[in-house]
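One structure is given below, encoded as structure tokens.
The values are calculated or read from the model by the stated rules, or taken from the named source; none is laboratory data. Treat the numbers as computed from the prediction; the structure is a model and nothing was measured. Please note: Cβ atoms are built from the backbone with ideal geometry, for glycine as well, and neighbour counts cover all protein chains shown. Note: accessible area is taken over every heavy atom of the protein model, side chains too, but ligands, DNA and RNA are not part of it. Shrake-Rupley method; radii C 1.70, N 1.55, O 1.52, S 1.80 Å.
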Amino acid sequence: MTTSNHTGVSHTVFYLLGIPGLEKQHMWISIPFFISYIMALLGNSLLIIIILRKSSLHEPMYLFLCMLAGTDVVLSTCTVPQALAIFWFHAGEISLDRCITQVFFITSTFMSESGILLAMAFDRYIAICYPLRYTTILTHTLIGKIGVTILLRSFGTVFPMTFLLKRLTFCKSNILPHTACEHIGLAKFSCNDIRVNIWYGLFVLISTISLDVFIIIVSYMLILCAVFRISSQDARHKALNTCGSHVCVFILFYVPGIFTTLTQRFGRHISPHVHILLANVCIVAPPMLNPLIYGIKTKQIREQVTHVLFPKEI
């Protein structure tokens, strides 16, 4: 494993350390990682199967939920198996091309999930503020177009990152203190000027994730105003309960990410392993907890899950 600097030499192989400073605890740390990954795969796969097989769940809210579950499976699969390989077998070796590919899929999938959460907020806004026009506005054709737009936005904005990374010469250390490859984290190990990478990364963050958060917050403020104008207490409670699950997922997805970003920018005295653990929580927790939140809070999903798991008791 090469770590010294060589002018004119660009590393093509890197070594992921996992969580530096906690190498002796890697085996113990792998347990919650493994459990969360299995729960994410089973929970989200079950959601996808139930929604696709049950025609009564082919409504906009559940179709967006199906997209979210699929994105969660991809997001966790892009990262957790790699982390477990490091924890269990010290298999941290990764080629530059594979590292850049991982950056592309993690970032684009994260952005896709943000776009789907925005679409779900739009769905609730239409359902509560314009209930009589809900089915005419959110048709299956429009939902398909929204899904394609989310993918194009994610891939289109992240794709230039691959070229920004490929142009760099990695002549510094090839030891990456992380469980996965990350855009700026990888760029910092180059000998080139990475200001373009930094500014483009900031542009992507502001134009996608930050914009999504702003629109979602405005949407739920409008939704709350509409809900409290509903005269029927039962209808108001039903609307709040439906939105409650979305708000829980929204908080679970964005708050850890915002906190991680703030600690990376301003928490210079915080130990590196804390940064890495927080970054992993952002990727591991939402895919595991989203199916549980919707399974508990959404009656139709809860009934179908019960029917699948306990068919003889129904």
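Values computed for the structure shown
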quantity	calculated
Pairs with Cβ under 6 Å, 6+ apart, first in the stretch 149-171 and closer than 15 Å to Gly201 by Cβ, second open to solvent by 50 Å² or more (accessible area, probe 1.4 Å) and not hydrophobic (A, V, I, L, M, F, W, C)	Leu168/Asn192
Helices (runs of 4 or more DSSP H) contained in the stretch 47-162 and holding at least 3 residues acidic (Asp, Glu)	96-129
Those residues of the stretch 19-42 which are farther than 15 Å from Leu277 by Cβ and either aliphatic (A, V, I, L, M) or in a loop (DSSP other than H, G, I, E, B) (or both), in sequence order	Met27, Ile35, Ile38, Met39, Ala40, Leu41, Leu42
Criterion (more than 26 Å from Phe33 (Cα to Cα) and not polar (S, T, N, Q)) met by exactly one of Ile276, Ile270, Ile230, Ile251	Ile230
Those residues of the stretch 163-179 which are open to solvent by less than 40 Å² (accessible area, probe 1.4 Å) and either of a type in the set (D, E, K, R) or part of a strand (DSSP E or B) (or both), in sequence order	Ile175, Leu176
Test: residue in the stretch 267-278 that is over 26 Å from Leu16 (Cα atoms) and not polar (S, T, N, Q)	no
Top-ranked residue of the stretch 180-228 - restricted to ones that are in contact with a Lys or Arg (Cβ under 9 Å, 6 or more places away or on another chain) and not in a helix (DSSP H, G or I), ranked as surrounded by the most Cβ atoms within 10 Å (Cβ to Cβ)	Cys181
Residue check for Thr7: touching a strand residue (DSSP E or B) at 6+ places or on another chain (Cβ under 7 Å), surrounded by fewer than 19 Cβ atoms within 10 Å (Cβ to Cβ), over 28 Å from Val158 (Cβ atoms) and at pLDDT below 95	no
All positions within the stretch 146-162 that are in contact with a Phe, Trp or Tyr (Cβ under 9 Å, 6 or more places away or on another chain) and open to solvent by 50 Å² or more (accessible area, probe 1.4 Å)	Phe155, Phe159
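For every residue, the table says whether it meets (1) under 30 Å from His307 (Cα atoms); (2) open to solvent by less than 50 Å² (accessible area, probe 1.4 Å); (3) among the small types (Gly, Ala, Ser).
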site: Pro20; (1), (2), (3): no, yes, no
site: Phe34; (1), (2), (3): yes, no, no
site: Ile48; (1), (2), (3): yes, yes, no
site: Tyr62; (1), (2), (3): yes, yes, no
site: Thr71; (1), (2), (3): yes, yes, no
site: Thr79; (1), (2), (3): no, yes, no
site: Phe87; (1), (2), (3): no, yes, no
site: His90; (1), (2), (3): no, no, no
site: Cys99; (1), (2), (3): no, yes, no
